[in-house]
Amino acid sequence: MALIVQKYGGTSMGTPERIKNVARRIAKFQAQGHQVVVVVSAMSGETNRLIGLAKEIQAQPDPRELDVVVSTGEQVTIGLLCMALINMGLKARSYTGPQVRILTDSSFTKARILKIDEDRMRKDLEEGSVVVVAGFQGVDDAGNLTTLGRGGSDTTGVALAAALRADECQIYTDVDGVYTTDPRIVPEARKLDTITFEEMLEMASLGSKVLQIRSVEFAGKYKVRLRVLSSFQDEGEGTLITFEDDIKMEQPIISGIAFNRDEAKLTVLGVPDRPGIAYQILGPIADANIDVDMIIQNVSHDGTTDFSFTVPRGEHDRALGILEGVKAHVGARELRGDRSMAKVSVVGVGMRSHVGIASKMFRTLAEEGINIQMISTSEIKISVAIDEKYLELAVRVLHKAFELDQVPA
């Protein structure tokens, strides 16, 4: 008998019939003797609908009240799923985040989990009930309802698995696992049986939408076994996200190609080349809570240099406005912005023990006439910024060059 936490996303809960299918899947696990805790998202599209309603009332919705509104989506699905389970003759009990007491900080719309009280859930499990918990939400010390940000139900699922010391956390979604890249761009993309937490963390941070990055961070921190499965297929083992030490055989050099279309580049030209200039440029950007990704500074020429960095595309205009004020302060010559950027990354723990990955990546792109504008690296990834119009071509040729369509020997 195992204790399993299962998380079902919005598409899995999208209609009453799909909710009944989820209930049947849960019933199978319980019939095998497992204790089951289920975390659910709102029905597909519901959170967007609720945000839209809020914006019809208030153009910039008050964060505290917005959390009150959007958290109702999950309250509907936990009740409906419990009804479906009860209708099948199972014992089931639903809980909102505050009822479980998922304690968070007070950062409305993007709260972080601080502590979980698992006593009620354990009591219900011992009595043979399926515990159904609303994802994406919690409560702060003052009793305010909070939400964890988009995709936060994944984090709820992993956090409950950590608190309950579950044997496995299963994330059910509309794909049957983690692929070497997006199969919609590369039909030959291959489902991975296993991937390390480090690789999954990089893939999530670089644009892979399978798992929310905070959920992967949480799972890695608390050593939660994580598995990605399809809620629309009864067969298959999905992809197990595990630790490098667990894998006895040698890993392939590259595990996947990640990409992100949501990039914009900003360049400050003719900046005086002196100590502290990078801080003078990026400090105001950081103060505005804008994430900076890649950074490059050219070699000094005649006492000046050019400084470029990338930000999320949606922050382009705001960041450019901030730089207008910075320009005069630092004595820069000109500002330029480019919204048409994309980022492509190769990821793999095998890079630690193999050389030549970067040169192979750069050569492959050069052969297709794709110009690299910026580069960033870590121990297990290489990312390049390119013109967005070349994104899909870059993903396809890199996937082929690193033979990711081939099953490792």
Length gained, A358-K123, 0.36 nm per residue minus C-alpha separation, equals 79.3 nm
Give me the tail of P(r) for the stretch 133-268 as a percent: Cα-Cα pairs with distance above 27 Å. 24 percent
Hey, what angle do you get for helix 16-31 against the long axis of the chain, alpha-carbon based, 0 to 90 degrees rounded to 10? 70 degrees
Between E367 and R184, what FRET efficiency follows from the Cβ-Cβ distance if R0 is 22 Å, with the result rounded to 0.05? 0.35
Put E17, E118 in order of accessible area, largest first, probe 1.4 Å, and you get E17, E118
Students sometimes get this wrong: rank E367, E334 by accessible area, probe 1.4 Å, all chains present, largest first. E367, E334
Projected area averaged over all directions for the convex hull of the alpha carbon atoms of the stretch 302-377, nm², comes out at 7.8 nm²
Taking the alpha-carbon distance from K381 and a cut-off under 24 Å, which lysines remain once sequence neighbours fewer than 8 residues away in the same chain are dropped? K191, K209, K221, K223, K248, K265, K343, K360, K389, K400
Ignoring ligands, DNA and RNA, how do D306, D273, D119 rank by accessible area with a 1.4 Å probe, largest first? D119, D273, D306
Would you calculate the volume per residue, in Å³, of the smallest convex hull containing every Cα atom of the stretch 164-244? 96 Å³
Given labels modelled 7 Å from the Cα in the Cβ direction, how far is it in nm from A328 to L114? 4.3 nm
Non-local residues with an amide H under 5 Å from the amide H of A92, with H modelled 1.01 Å from N and Pro and chain starts lacking one, are V130
222 nm mean residue ellipticity, helices alone, for the chain (DSSP H n ≥ 4; -39,500 (n - 2.57); rounded to 500): -10500 deg cm²/dmol
Give the longest segment of the chain that steers clear of chymotrypsin sites (Phe, Trp or Tyr not before Pro) in DSSP loops with at most 14 neighbouring Cβ atoms within 10 Å, not counting the sites themselves. 1-231
What percentage of all Cα-Cα pairs in the stretch 219-356 are separated by more than 25 Å? 50 percent
Determine the gain in length on full extension of the stretch L282-T15; use 0.36 nm per residue of separation and subtract their C-alpha separation, reporting nm with one decimal. 91.5 nm
Provide the solvent-accessible area of R112, counting protein heavy atoms only and rolling a 1.4 Å probe, rounded to the nearest 10 Å². 130 Å²
Can you send over the solvent-accessible area of I372, 1.4 Å probe, protein chains only, in Å² to the nearest 10? 40 Å²
Need one word for the stretch 334-393: rounded, prolate or oblate. Basis is the Cα gyration tensor (sqrt eigenvalues a ≥ b ≥ c); a/c below 1.5 gives rounded, then a/b vs b/c decides. prolate
Rank by packing, highest mean first: peptides 283-296, 142-155, with packing defined as the count of other Cβ atoms within 10 Å averaged across residues. 142-155, 283-296
Using a 1.4 Å probe on the protein heavy atoms, what percent of the accessible area of the chain belongs to carbon and sulfur? 50 percent
Sites A2 and L269, calculated FRET efficiency, Cβ-Cβ separation with R0 41 Å, nearest 0.05: 0.10
Send over the Kirkwood Rh of the chain, from the inverse of the averaged 1/r over different Cα pairs, rounded to one decimal Å. 23.1 Å
In a solvent-free Debye calculation with one equal scatterer on each Cα, what is log10 I(q)/I(0) for the stretch 1-157 at q = 0.18 Å⁻¹, listed in the order of the q values? -1.02
What accessible area per residue, rounded to a whole number of Å², is obtained for the chain using a probe radius of 1.4 Å? 47 Å²
In Å, the Kirkwood hydrodynamic radius from C-alpha pairs for the stretch 92-159 sits at 11.9 Å
Placing +1 on each Lys and Arg Cβ and -1 on each Asp and Glu Cβ in the chain, then taking the dipole about the Cα centre, the residue among S376, Y172, A23 whose Cα reaches farthest towards the positive end is A23
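The values are calculated or read from the model by the stated rules, or taken from the named source; none is laboratory data. Since the model is a prediction, treat every value here as computed from it, not as a measurement. As a convention, Cβ positions derive from the backbone with ideal geometry for all residues, glycine included, and neighbour counts pool all protein chains shown. The area values use the complete protein model at the heavy-atom level, side chains included, leaving out ligands, DNA and RNA. Shrake-Rupley method; radii C 1.70, N 1.55, O 1.52, S 1.80 Å.
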